[in-house]
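Undergrad: Below is one structure. I have some questions about it.
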Amino acid sequence: MPPISPELHEEIGKRLRKDREDMLAAVHARTDGDTDDRPEISPMAHMGSNDDAPAGEMLSHNEEHLAEHDTNLLHDIDTALGRLESGGYGICVSCGRDIPEARLLATPTVQTCVECQERIEKEQRTGRGPTL
């Protein structure tokens, strides 16, 4: 039996699918259209003959990080959906314990329990502390 209730399974599934659709819509809104309107990620893409070099570099850097963030978020959503469908959703990938329902509702893409997340952050020295 999965570690989450059928009601939570349905709610999380709906939220993850909606989040995925919203993210894809945002990416398409930013990248579709004429080639002049599309963001360019390559180094120096925002440089013209009379442009400010630091400003052009900053724009390219920002576009690159935004694309990386979007890619990572879509990957996390797809991973959570896969775990939800396979029956592994709600189980900590580190220790195998159940992840509390409140944590799953707060962050549907979470893969670790609070204790394991705290340990991981301590080891990696990220220091943000756990999320619900």
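Read the figures in this text as sums done on the coordinates, not as results from a lab. This structure is a prediction, so every number in the text was calculated from the model and none was measured. When we count neighbours, we look across all protein chains shown, and the Cβ atoms used for this are built from the backbone with ideal geometry, even at glycine.
Undergrad: Per residue of region 6-23, in order, report the coupling 6.51 cos²θ - 1.76 cosθ + 1.60 (Karplus, θ = phi - 60°) as ³J(HN,Hα) in whole Hz, putting x for Gly and Pro.
TA: With coefficients 6.51, -1.76 and 1.60, one gets x, 5, 5, 4, 5, 5, 5, x, 4, 5, 5, 5, 5, 4, 5, 4, 5, 5 Hz.
Undergrad: Oh, and also: Long-range amide H contacts for Arg97: which residues qualify at under 5 Å (H placed 1.01 Å from N, peptide plane, sequence gap of 5 or more or a different chain)?
TA: When sequence neighbours closer than 5 places are left aside, the close amide H contacts are Cys92.
Undergrad: If I take R0 = 35 Å and measure r between the Cβ atoms of Ser86 and Leu66 in this structure, what FRET efficiency does the formula 1/(1 + (r/R0)^6) give, to the nearest 0.05? Don't jump to the answer; show the numbers that get you there.
TA: On the way: r = 30 Å, r/R0 = 0.87.
With a Förster radius of 35 Å, E is 0.70.
Undergrad: May I pose another question? Run the paramagnetic zone check for Gln124: 7 angstrom along Cα to Cβ, then residues of region 61-89 with backbone nitrogen under 18 Å.
TA: Under 18 Å, as judged by backbone N against the label point of Gln124, lie 65-66, 68-80 of region 61-89.
Undergrad: Let me see the pair-distance distribution of region 91-132: every alpha carbon pair, 10 Å bin width, integer percents in order.
TA: The percentages, shortest bin first, are 34, 56, 11.
Undergrad: Please list 3J(HN,Hα) in residue order for region 66-82, calculated via the Karplus relation 6.51 cos²θ - 1.76 cosθ + 1.60 where θ = phi - 60°; whole Hz, with x for glycine and proline.
TA: With the stated coefficients, region 66-82 comes to 5, 5, 5, 4, 4, 4, 5, 5, 4, 4, 4, 5, 4, 5, 5, 4, x Hz.
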